[in-house]
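Read the structure below first, then the notes.
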Amino acid sequence: MSASVSSHVGPSRLHQPPPAPSTSGDSESTVPRPPTEKGLDVGILKELAKSALVESLNDIQGAKTLILEPALAGPLGLVTEVALLKHQAVDKMFWLEPGPLNVNTRNVVWLCRPKIEYMHIIADQIKAQQSNPSPAGPLMYTILLVPRATELCRRVLEDQGVAGDVTISEFKLELIPVEDDLLSLEMDDVARDIYLNGDDTPIYYSSLALMTFQRAFGLFPSILGKGEGAKKLADLLQRHHHTDPAQYGDIESSSQVDGLIILDRSIDWITPMLTQLTYEGMLDEFVGIKNAHIEVDSTLIDPNTAPTPSPSTSALPSTPITKKRKHHLSSQKDKLYSELRDQNFAVVGSKLSKVARRLEGDYGGVKNLKSVSQMKEFVGKLGGLQSEQQSLRIHTGLTELLMPITKLETFNRTLEAQQNLVAGYDANSQLNTIEDLMNQELDWQTIIRTIVLMSLTNGGIKPKLLESFKRDFLQVYGYEHLPLLISLENLGLLVKSGSSVSTIQNQSVNFLRKNLRLIVDDINDLNPNDISYVYSGYAPISLRLIQCLTMKNQILSSTSSTTNGEDSNSLGAGKERPKAHPLNGWKGFEDVLSVISGDNVDVRQHGEKRDNGLVIPDDNRITTTVVFFLGGCTYTEVSALRWMSKQYKGRKFLIATTGIINGNNLIESLGDKPPVLLKPST
């Protein structure tokens, strides 16, 4: 990839877009990898969810028809299988959508989130069924609400006159293990609900999920955090512990977990606006990852799949249609994916090339087999080689999908503008780039992300320039985006310069850029020496704050080390990893916290047996630090935390979040739903 970048601007490394993956494979790490350390076994959370579902369905006697909210299918698939539902006498499954029921069983079960629109659909279906009764007799109706039943849902059903005909129950689907080190509530539009609509329901659900976590693994000895939402969540956790002794009173302090760090998304809007540059992040940006699955052409997964001819009424030959298939991205099933997912995309090509050469050598070794024992040993390895070969084919195909995107001029110009903005360089030039890309009708999400980034990093935008941009944007992309622009202004994400909000933002970013070393020049993509590798030279504010708590000495000394030309975060070849230090709170970073809006959280918790509230990492055991992102986190933040887990002996990070986000789905959630296109009259 190439981009024309002025030679005199900002940090040189930051302004170079990641080069296209090489197929030579010449550059490969010789630095020994740190030994793999096992953290908490979070599989118990999956078993809890599965057993809760089984219990809820078993409470309903006899065969049943399950009507499922489409958005729940993905999260449900991460904790159970269709076969398990069949064992619980589920006869048929349908999507929850308007229209009459078509069921052959006495029991009808709806499984959905507690939303008013679903209650209206269910009420209509019950009334329609009652007006046209089944020959088998009256039906039994049950609603399983996820994760809890609400009074509002009961009221809607009462108003519709069906409350007496339906049984309302709950299915507590809470933190879902997406990976061994990643838990998610898989909730949509949380940022919109909390920050735009002032709805704290997701915070309450998060508190219940974290209380379940504490029941499984012990009380968090300390709760640290930043942001208004983080404070509300921490207060709720303490309230549950103290006011519900029957459920939570007997929880002892955890010996495996040293603390919970809660980060409110509102303290760092900059990070999700940037284009993610890790392999997993780019897949999410340009292919789309939903509930740990991607949807790709079936030929990519199975090359023997033949395209289906499209139906055609003309004499012309039809165009083949390649069916889409979902593929589960799992490091447990795919070792190659676990090696690639957290890498900067610049080095993915060389790593794939090396794996291809090794597999070629392994298969070529069959010519040299001389004895029966050697042949037997090779046959034993054959299954693993075939699995690895399929994985290589899939990831090579995905990389080939991403490569043309990274070579587009619009991609490189966008990336250059984003990197110049976070570095604080020449905002006016970046605005010209944004307007030029808008005139080329680049996708509207990227334009909005970049202009929001400009507002956040530059202390707002001059009033005349901002009004001109808004007018042009609506004319190019449509006036249905007007509510989005209003929402962005209300959230302080797109504001005029000179206002009190923009002035505070400008002072904050300038201070943090220097004191948290957000811009890093010398990044080693192959062997990263700093978390900023995930954005090719920009370190997210959210992650620097976590480092303030867990890598305190390195962050405090970073300014002086950088001045002397040293890198305080780099372990370097042959260096032994230092021991992780206890979580002692925010002391030493009061000046940093003061320029970031929102409350500070620093709480110690004690179980029935009083202790000092500190879990001290040592050489003989691994302690886990839970990091909870309220409002969602990006895959790049997950990758950076995985990198941080490898830097110290004795500490692993377990990432938990309300959901995985990227800039596009975050921005889309803040606007109105797209208008429904009218069908042309015939």
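Observations on the model:
- Selection status of ASN428, outside any loop (DSSP other than H, G, I, E, B), over 28 Å from the mean Cα position of the chain (by Cα) and polar (S, T, N, Q): yes
- All strands (runs of 3 or more DSSP E) inside segment 102-176 with 2 or more residues being within 19 Å of LYS92 (Cα to Cα) and either at pLDDT 95 or above or open to solvent by 20 Å² or more (accessible area, probe 1.4 Å) (or both): 107-112, 140-145
- Picking from residues in segment 434-451 that are part of a helix (DSSP H, G or I) and within 22 Å of the chain's Cα centre (by Cα), the one that is farthest from GLU668 (Cα to Cα) is THR450.
- Contact map, segment 245-266: first residue in a loop (DSSP other than H, G, I, E, B), second residue open to solvent by 70 Å² or more (accessible area, probe 1.4 Å), Cβ cut-off under 7 Å, separation 6 or more or different chains; pairs are ASP250/GLU608; ILE251/ARG215; GLU252/GLU608; GLU252/LYS609.
- Close pairs (7 angstrom Cβ cut-off, 6 or more residues apart or separate chains): in contact (Cβ under 8 Å) with a residue 12 or more places away in the chain in segment 388-402, of a type in the set (D, E, K, R) anywhere: SER391/ASP334
- VAL626 being modelled with pLDDT of 95 or more and over 30 Å from LEU485 (Cα atoms): yes
- Residue in segment 327-349 that is part of a loop (DSSP other than H, G, I, E, B), surrounded by 11 or more Cβ atoms within 10 Å (Cβ to Cβ) and modelled with pLDDT under 80 present: no
- For segment 180-207, filtered to residues that are open to solvent by less than 10 Å² (accessible area, probe 1.4 Å) and touching a strand residue (DSSP E or B) at 6+ places or on another chain (Cβ under 6 Å), the residue that is farthest from LEU72 (Cα to Cα) is LEU182.
- Odd one out for ALA417, checked against (1) within 20 Å of SER487 (Cα to Cα); (2) of a type in the set (A, V, I, L, M, F, W, C); (3) without any contact (Cβ under 8 Å) to a residue 40 or more places away in the chain: (1)
- Hits in segment 278-300 - residues which are within 14 Å of the chain's Cα centre (by Cα) and either over 29 Å from THR80 (Cβ atoms) or of a type in the set (Phe, Trp, Tyr) (or both): THR278, TYR279, MET282, GLU285
- The single condition among (1) among the aliphatic types (A, V, I, L, M); (2) under 30 Å from GLU280 (Cα atoms); (3) surrounded by 21 or more Cβ atoms within 10 Å (Cβ to Cβ) that LEU512 does not meet is (3).
- From SER532, SER502, residue being out of contact with any helix residue (DSSP H, G or I) (no Cβ under 6 Å at 6 or more places or on another chain), open to solvent by less than 20 Å² (accessible area, probe 1.4 Å), under 29 Å from ASP258 (Cβ atoms) and small (Gly, Ala, Ser): SER532
- Hits in segment 452-476 - residues which are among the small types (Gly, Ala, Ser) and either touching a helix residue (DSSP H, G or I) at 6+ places or on another chain (Cβ under 8 Å) or under 20 Å from LEU670 (Cβ atoms) (or both): SER455, GLY459, GLY460
- Only a single criterion out of (1) part of a helix (DSSP H, G or I); (2) more than 26 Å from MET454 (Cα to Cα); (3) within 28 Å of the chain's Cα centre (by Cα); (4) at pLDDT below 90 is not satisfied by ASN569, namely (1).
- Selection of segment 222-244 for residues being part of a loop (DSSP other than H, G, I, E, B) and either touching a Pro at 6+ places or on another chain (Cβ under 6 Å) or modelled with pLDDT of 95 or more (or both) yields only GLY227.
The values are calculated or read from the model by the stated rules, or taken from the named source; none is laboratory data. Just so it is clear, the structure is predicted and the values come from calculations on it, not from any experiment. Heads up, the Cβs are rebuilt from the backbone with ideal geometry, glycines too, and the neighbour counts pull from every protein chain shown. For the accessible areas, the whole protein counts, side chains as well, though only heavy atoms, and no ligand, DNA or RNA atoms are used. Shrake-Rupley method; radii C 1.70, N 1.55, O 1.52, S 1.80 Å.
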